């Protein structure tokens, strides 16, 4: 076991309420003063170097495992594209690079036939990653309100779809993945098309200075308003004090620690939970978070280890599965996640899969068609095959792990042929990558 402070530079997740002291402000000032000492010319030199490396990147298709593996082994930067040569999202690019070996292995695994549910050499369990999760019950919302991977922005620019509040930020790229980068104290706003609903989820990847700790504050009301400073979540180094009346401190197993840090927040009214890298670090039943048309993220970086934000997703939480299924006869789930180009189910899918198995156990008369759907990145043929294998993997998990009768489950893949949103936006592509459950 390893203390979170030693590895991530995090000690607590503090939900700040109306009576909280202003200790967090002194922390921000302390770190901000230090960041201001960094020379601007060093930042420019680092950016020039990053751009130069990006220009020399090896170009690989997202499905070309051999190309990605060879480039990775050579130590060269990798630029991942779809079959037509168009860059894929930074999330897909990063996952393709990190999962190249596991994709090759899972591609060789037999899966259940999508039509019959059988196979000549069916595996005894669905292909699933071995990420370690602790108290992980996060289920992402289904209706995407905002998603951003910075694929549509130029390197060196401030992203078009975010608002700058303070500091200096720029889009950077590494190994084909794009992110928002800061070398000092700064804050950005995620503008939303509507006020946050009572049930919502927020996710993003964060990386920063782990030698001296980093600050990451998420605020849910305009900080320009006097009382808004009390409506936030802080992840910050342990300076011997807390910024609010509610704190949570965790010890992370070494297997659960990886970089960047995946930050997730799940809110249901006043009940709020926060997670870092699949570990629940705060469980607060009466948090005072705002519900406005924006989310503000405060970060602090330095030249040696800049702060970065990537793969932002904000979504409205849906109804319980059975209620939604009973109302419309079908329900789309976005909580079943797979490695890029693979039918290997990621461990973060466990809470959603458990919800499905619990529903099937509670309603033994219920029979389901499991449908796989993709976005339009890649060829129609590869997307069709992928959607079939993913639907079959979900069935295989429910049968072998949750012990659901296989006769109650059928599968079908539709590839990218049935989008529910436009594939021209990050939000739309996220909506279209889904597993649907249809009542039979």
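Kirkwood hydrodynamic radius, segment 321-439, all distinct C-alpha pairs: what's the number in Å? Walk me through the intermediate numbers first.
Working: mean 1/r = 0.0699 Å⁻¹.
By the Kirkwood definition, the hydrodynamic radius is 14.3 Å.
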Revision key, fill the gap. Computed over segment 257-351, the relative contact order (Cα-Cα under 8 Å, seq sep at least six) in percent reads 12
Point to revise | Where a label projected 7 Å from the Cα of residue 161 along Cα→Cβ would reach, residues of segment 306-326 with amide N under 11 Å | key: 311-314
**Study point:** Sequence-separation-based contact order of segment 322-440, relative, with Cα cut under 8 Å and 6+ spacing, percent
**Key:** 36
Check your understanding: Label-point separation (nm) for residue 268 and residue 347, each offset 7 Å from Cα along Cα-to-Cβ?
Key -> 2.4
Check your understanding: Taking the mean number of other Cβ atoms within 10 Å as a proxy for protection, how do you rank 390-397, 156-163, 304-311 from highest to lowest?
Key -> 390-397, 304-311, 156-163
Exercise for review: With both partners inside segment 321-439, how many of the DSSP beta bridges are antiparallel, as a percent to the nearest 5?
Suggested key: 70
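Could you line up 369, 266 from fewest to most neighbouring Cβ atoms inside 10 Å?
Values: 369 16, 266 22.
Placing the least packed residue first, the sequence is 369, 266.
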Exercise for review: Would you order 422, 342 from fewest to most other beta-carbon atoms within 10 Å of each residue's own beta-carbon?
Suggested key: 422, 342
Revision key, fill the gap. With 0.36 nm assigned to each residue of separation and the Cα-Cα distance removed, residue 381 to residue 58 gains 113.8 nm
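Cut-off is 10 Å between beta-carbons; in what order do 371, 194, 148, 170 appear when sorted fewest neighbours first? Intermediate results must be reported in sequence, preceding the final value.
Values: 371 23, 194 10, 148 26, 170 20.
Taking fewest neighbouring Cβ atoms as first place, the list is 194, 170, 371, 148.
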Check your understanding: Which residues in segment 397-424 place their backbone N less than 20 Å from a point set 7 Å from the Cα of residue 439 along the Cα-to-Cβ direction?
Key -> 405, 407-412
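Every number here is computed from the coordinates shown, using simple stated rules; none is lab data. The model shown is predicted, which means the values in this text are computed figures rather than measured ones. Don't worry about glycine lacking a Cβ; one is built from the backbone with ideal geometry, like all the others, and counts go over all protein chains shown.
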